[in-house]
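Written out below as structure tokens is the structure these notes cover.
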Amino acid sequence: MASLKEKIGYALGDAAAGGITWKVMSIAFPLFFTNVFGLTVADTAALMLIARMFDVVTDPLMGSLADRTQSRWGTYRPWLIYGAIPFGLIFALLLYTPDFGPVGKRIWAYSFYLMMMAIYTAVNVPYGSLLGVMTEDDNEKNQFSSFRMVGAYAMGFITLFAFPYLQKFVGGSDQHQYAVLGVFFGVLAAAGTLACGLLTKERLKPVRAEKFSFKPFADLFRNKPWILLTLVGVCTNFFNGFRYAVAGYMFEYIMHGEVTFMGLIISYTSFMMFGEATCMVFGGVSPVFTKWVGSKRMAFVWAGVICLVTSVLFFFIPMDPSSIWLMIAVVILTSIGIGIYSPLLWSMYADVADYATEKNGTSSTGLIFSSGTMAMKFGTAISGSLVALLLGMAGFISGTDATGQTVITITDLPAVQEMIWALFSLFPAVIVVLMIGLLYLYPIKK
């Protein structure tokens, strides 16, 4: 029986990765790269696309490598313990804007973004794989997964709420603010990752293959539950990715900056914070809801229906700052569905890992969980890339001039505003329809 301290320790891992680094990368990076760092829309889109090609190779290899790791710390925990400091350091450097021209900035952004993806993979794939070796009890797996999501959303809430206040506290230019906050949040991410590695336990021993083989990779593509669940994972991250990536542009070009109400600063980060708080609550409710519905698959479907209805509803809200509280209300309703399905995805990956072990005779837990991380990065970054490309098509132009200053030009503001609104509502709605269809084909009925 796992202790409460261990469950909290496991939650700290995703508080660091999901609640700090990935949350900032998802919601701030498209706007940061175009409006603060000074990349063009095309460079921003290409950066995220190239990184995904990189991840297609590194994530499965990392999963296979993690499965074969043997140390006094266990199989997966050493990657968290020794990867914690590089994780925080590279994140901080990625948010720093050097005083370079267009070419120098492009090289800096591409280099550190790819390094961030690599270290994120080296830490997060083993972290996800821990769920498969900490317990063999299915209910306890659901509890660990629920703690993980609550940790991620609780820290996401804190990060997004604090971000605009910390920016004002730091002061100076936008570039200076992001650089200082990169250091601050990088230290927190490193500490949370290290604590997770030290506080968790590996009780089960993976059934390792005797030597390295490409057979586990081939086995994946004969594993129907894995194929379907990975596609579902891509959909969930496309859904979140569109919304997070376009939120900054929505406040910049539709809300006309921050909205202050009764002393509360509502920026693009604190706007999404309301959703994080809701996800945190309903991430904890998810195991109870799943038991009531009868299966993880059907709980996931019902959560998807909530997201579909509320996403369509958001599209009909007036595009005006006076509608901010109606917008927040619909974001909260959408986040009920997200909060319910988020823990289920990782618990279902544990089921797929058990299915693969039973079918193939050897463990490929790390490899299978790596696909969850790859789906997360693929969905989030491709959606961010598409946001940049579609905004560019609508009339948004960004870049750096010869003196290194960021330059923004909008040739058709109404078209850009309409595209932003659709990217936050209708595009995610279409993705949810596809996700629900895939879930009906998913064969594991736990």
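With respect to the conditions (1) closer than 29 Å to A353 by Cα; (2) modelled with pLDDT under 85; (3) open to solvent by 10 Å² or more (accessible area, probe 1.4 Å), P225 falls short on a single one, namely (3). The combined condition, being hydrophobic (A, V, I, L, M, F, W, C), surrounded by fewer than 14 Cβ atoms within 10 Å (Cβ to Cβ) and at pLDDT 85 or above, is fulfilled by L441. Checked against the criteria, G38 counts as over 16 Å from the mean Cα position of the chain (by Cα) and surrounded by 24 or more Cβ atoms within 10 Å (Cβ to Cβ). Checked against the criterion of being open to solvent by 70 Å² or more (accessible area, probe 1.4 Å), in contact with a Ser or Thr (Cβ under 6 Å, 6 or more places away or on another chain) and under 30 Å from S335 (Cα atoms), the candidates F169, F161 yield just one match: F161. In region 281-291, the condition of being under 30 Å from A84 (Cβ atoms), modelled with pLDDT of 80 or more and basic (K, R) is met by no residue. Filtering region 244-272 to residues that are open to solvent by 10 Å² or more (accessible area, probe 1.4 Å) and modelled with pLDDT of 85 or more leaves Y244, E252, Y253. The condition of being touching a residue at least 12 places away in the same chain (Cβ under 8 Å), crowded, with 24+ Cβ neighbours inside 10 Å and of a type in the set (S, T, N, Q) holds for N124. For region 380-392, the criterion of a residue being open to solvent by 10 Å² or more (accessible area, probe 1.4 Å), modelled with pLDDT of 85 or more and more than 25 Å from the chain's Cα centre (by Cα) is satisfied by no position.
The values are calculated or read from the model by the stated rules, or taken from the named source; none is laboratory data. Just so we're clear, the structure is a prediction, and the values are computed from it rather than from any experiment. Backbone-built Cβ (ideal geometry, glycine too); neighbour counts: all protein chains shown. Only protein heavy atoms, including side chains, enter the accessible area calculation; ligands, DNA and RNA are left aside. Shrake-Rupley method; radii C 1.70, N 1.55, O 1.52, S 1.80 Å.
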